[in-house]
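The values are calculated or read from the model by the stated rules, or taken from the named source; none is laboratory data. Small disclaimer: the values here were computed from a predicted structure and weren't measured. For neighbour counting, all protein chains shown are included, and Cβ atoms are generated from backbone atoms with ideal geometry for every residue, glycine included. Areas reflect the complete protein model, heavy atoms only, side chains present, ligands, DNA and RNA absent. Shrake-Rupley method; radii C 1.70, N 1.55, O 1.52, S 1.80 Å.
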Amino acid sequence: MREKPFIFLGGLMIGLFLSFLLYLLFTNNSILHADKFKDEKNMTNDVTDSFSSLEENLPEEEIFQNSISSFEDSNDIDVHPVQYFENIADSNNESTIKDGFIKIVDFIFYGTEINGYTFDSLTEEARLKIMQVALSIDSKIDEYFPGYKQTISSKTKDIYYNLKASVVELYLDTVSKICSNNESLCQHAREDFQFMKDSFEITWDFIKGLAGSGIDKLREWYEIFRSE
């Protein structure tokens, strides 16, 4: 009979010991899950903070730019006219090219402004570049929209229809003046014209056919035309 209390006490101690072990296992498991959740939460916050920091350091247009159409719309951004018209010349959008054709003619020959600039207010180098871009846009119109000039000829001045001749004449006149006082830019402009001759099929016969070209002017132009 005396053995029963010992058996009872032994069983009670074993039960308490097992209960204590279960408590420790449960507690440690909870702590581990809590730490894991905390680590995952911290990681998520770090990633979120990183993206927030990245966006704060990006220009606004890079954050919201999402398609090629955004590039087409960038023609309205307050940029220098050279970049403005280069964007148009690089475009494959029909309405952008057609609208740009009208705008560059008005800008060069009729004193309109682009983002606060007029053609005459530009540097000589910038004016030369604008004229090259004008020939590029004109060439694109002739290649991809050959009937476009005829559709606007009754509503616009002849210069829209004969833009190539007008731009080439103005370019040669501008280079002739530059070469009298700026040898470095003169050489650069002559080299560019050699590229333009091949790109836009500017022959000597074409130049001779420009209206109002006197002998003295043709002589000056020929020096530019033949320079290599």
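Summary table
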| item | result |
| --- | --- |
| The range 87-111, residues that are within 16 Å of Tyr161 (Cβ to Cβ) and among the acidic types (Asp, Glu) | Asp106 |
| Tally of residues being basic (Lys, Arg) and under 19 Å from the mean Cα position of the chain (by Cα) across the range 104-131 | 1 |
| Residues within the range 204-218 that are open to solvent by 30 Å² or more (accessible area, probe 1.4 Å) and under 14 Å from Leu135 (Cβ atoms), tallied | 1 |
| Enumeration of residues in the range 91-101 that are farther than 14 Å from Val133 by Cβ and open to solvent by less than 60 Å² (accessible area, probe 1.4 Å) | Asn93, Lys98 |
| Out of Lys177, Lys217, Lys164, Lys208, sole residue that is charged (D, E, K, R) and within 26 Å of Ser91 (Cβ to Cβ) | Lys164 |
| Some residue of the range 158-170 being over 29 Å from the mean Cα position of the chain (by Cα) and either under 14 Å from Tyr222 (Cα atoms) or among the charged types (D, E, K, R) (or both) | yes |
| Count of residues meeting criterion [part of a helix (DSSP H, G or I) and closer than 17 Å to Val167 by Cβ] in the range 205-219 | 4 |
| All positions within the range 122-146 that are open to solvent by 70 Å² or more (accessible area, probe 1.4 Å), part of a helix (DSSP H, G or I) and farther than 14 Å from Val175 by Cβ | Asp142, Glu143, Tyr144 |
| Residue within the range 179-200 that is open to solvent by 70 Å² or more (accessible area, probe 1.4 Å), more than 22 Å from Glu124 (Cβ to Cβ), part of a helix (DSSP H, G or I) and modelled with pLDDT of 90 or more present | yes |
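Listed here are the residues, each with its yes/no results for (1) touching a residue at least 60 places away in the same chain (Cβ under 8 Å); (2) among the β-branched types (Val, Ile, Thr).
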site	(1), (2)
Ile178	no, yes
Met196	yes, no
Ile207	no, yes
Gly212	no, no
